[in-house]
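The values are calculated or read from the model by the stated rules, or taken from the named source; none is laboratory data. Just so it is clear, the structure is predicted and the values come from calculations on it, not from any experiment. Backbone-built Cβ (ideal geometry, glycine too); neighbour counts: all protein chains shown.
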Amino acid sequence: MTPDLTNEIDVGALRADTPSCAGVIHLNNAGASPSPDPVHQAVTAHLDLERRIGGYAAAETAAEALAAFYDETAGLLNAAPDEIAFVENATRAWDMAFHALPWAEGDRVLTHGAAEYASNMLAFLQVAQRLGIVVDQAPSDETGQVDVAALEAMIGPRTRLIALTHVPTHCGLVNPAEAVGAVARRHGIPYLLDACQSVGQIPIDVQRIGCDMLSATGRKFLRGPRGTGFLYVQRDFAETLDPPMIDLAAARWSGADHYDLAPGARRFETFERHVAGQIGLGRAIRYARDVGIDRIARRIGGLADTLRTRLSEMSGVRLHDPGDRRCGIVSFHCTFEPADATVARLAERRIMASVSRVEMARTDFEAHGLEALVRLSVHSFNTEREINQTVDAVRP
């Protein structure tokens, strides 16, 4: 049974703020979680304002709400507002950070291949082909998480970056981000954390983790609008970085042949952006902080544990959630049908799930002989009744 957390979270209020819960079981929160009413209203109100007075005037009118995004995000991460950049998605945020480093032939990036997301690996491979950098993949330990001791032993004089995915896209593993941060600090190596799947469902403190850069999205566990994300860059470290591209928001054209980069993380922003989305993401973060990230994490963890236990008891179901610590993503495959067929059957019963495929996380899939997995991902507004309905629906 899921631990009784009703004294911690008003699940009824969360569901009332999510009207589609009346007709849909949302278990694709690791893909795109439905926004609560206050977020939806913040976005649509600004879009309506743009229709009435125009985009530029609307942005000026919404200056306070736009600034609130930086304050809310900083509060979420235990960072400072000037260490936050609004970016259109997590991949672009990660790319801006990774490509800002001064790579040279023979430099090495150290990562955990089993957890790495396809977009990140593609960036590694692209720079390896263009500039001749080397990608070192630290192994997993006996639990499936990154082997921190092995990772540290792989550090060499040309290691220029440690890049870690906190929670993979395809399974419930939670990598030990703080332990890796301690290694990075000991060796004075920059540390980039992909928190796309962890922000919103796991408390994140960049001071404790010790990362220099962190990328995240709005649409997943934060329940913000699509087309939104953010990049955290530690203030002093940001001053050493030259963004791969700039515009008049990222820099000031200060002379005929000179420009000055914006201070801090703002050098990674662009002038043109989804203004309503930035407002909506700030409101989504405030919503999550009002509920309480610690409380959200405990409820998600309890529901996910119940779902794993129920699925593990079923004949023909094989779980794929490695690691010493797990989160709200629950992945499995059925021996009696392809993952696409399982997800299609769930969709017929209005249960939203997704399929993770080998090309999304090739290293881990190939190591386990997998082609595809069913991915279910719970949130704090889900109920034990929905978990039971889903398990019943998985049965052939």
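Worth a mention:
- Search result, residues across region 1-57 that are within 22 Å of the chain's Cα centre (by Cα), of a type in the set (Val, Ile, Thr) and either assigned to a loop (DSSP other than H, G, I, E, B) or at pLDDT below 95 (or both): 18
Residue-wise test of (1) closer than 26 Å to residue 291 by Cβ; (2) out of contact with any Ser or Thr (no Cβ under 6 Å at 6 or more places or on another chain); (3) in a strand (DSSP E or B).
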| position | (1), (2), (3) |
| --- | --- |
| 73 | yes, yes, no |
| 109 | no, yes, yes |
| 136 | no, yes, yes |
| 144 | no, yes, no |
| 175 | yes, yes, no |
| 178 | yes, yes, no |
| 181 | no, yes, no |
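- All conditions but one from (1) closer than 17 Å to residue 329 by Cβ; (2) surrounded by 24 or more Cβ atoms within 10 Å (Cβ to Cβ) apply to residue 203; the one that does not is (2).
- Condition met for residue 222 (part of a strand (DSSP E or B) and within 18 Å of residue 92 (Cβ to Cβ)): no
- Region 50-81, subset of a type in the set (Gly, Ala, Ser) and in contact with a strand residue (DSSP E or B) (Cβ under 9 Å, 6 or more places away or on another chain), residue farthest from residue 237 (Cα to Cα): 74
- Applying the set (1) touching a Lys or Arg at 6+ places or on another chain (Cβ under 8 Å); (2) outside the structural domain of residue 374 (by TED's automatic domain parsing) to residue 28 leaves exactly one unmet item: (2).
- Selected residue (criterion: surrounded by the fewest Cβ atoms within 10 Å (Cβ to Cβ)) from residues of region 263-280 that are basic (Lys, Arg) and out of contact with any Leu (no Cβ under 9 Å at 6 or more places or on another chain): 273
- When residues in region 64-103 are screened for being basic (Lys, Arg) and in contact with a Pro (Cβ under 6 Å, 6 or more places away or on another chain), 0 of them pass.
- Condition broken by residue 278, with the remaining ones in (1) assigned to a helix (DSSP H, G or I); (2) within 30 Å of residue 388 (Cβ to Cβ) satisfied: (2)
- Within region 117-134, restricting attention to residues that are part of a loop (DSSP other than H, G, I, E, B) and in contact with a helix residue (DSSP H, G or I) (Cβ under 9 Å, 6 or more places away or on another chain), the residue that is nearest to residue 94 (Cα to Cα) is 117.
- Residue 260 vs. criteria within 21 Å of residue 26 (Cβ to Cβ), acidic (Asp, Glu) and either in contact (Cβ under 8 Å) with a residue 60 or more places away in the chain or surrounded by fewer than 18 Cβ atoms within 10 Å (Cβ to Cβ) (or both): no
- Failed item in (1) under 18 Å from the mean Cα position of the chain (by Cα); (2) not assigned by TED's automatic domain parsing to the domain that holds residue 115, with residue 285 passing the rest: (2)
- Considering region 226-270, the qualifying strands (runs of 3 or more DSSP E), each wholly inside and each with 3 or more residues that are within 23 Å of the chain's Cα centre (by Cα), run over 229-233.
- Among residues of region 150-165 being over 20 Å from residue 120 (Cβ atoms) and part of a loop (DSSP other than H, G, I, E, B), the one that is farthest from the chain's Cα centre (by Cα) is 157.
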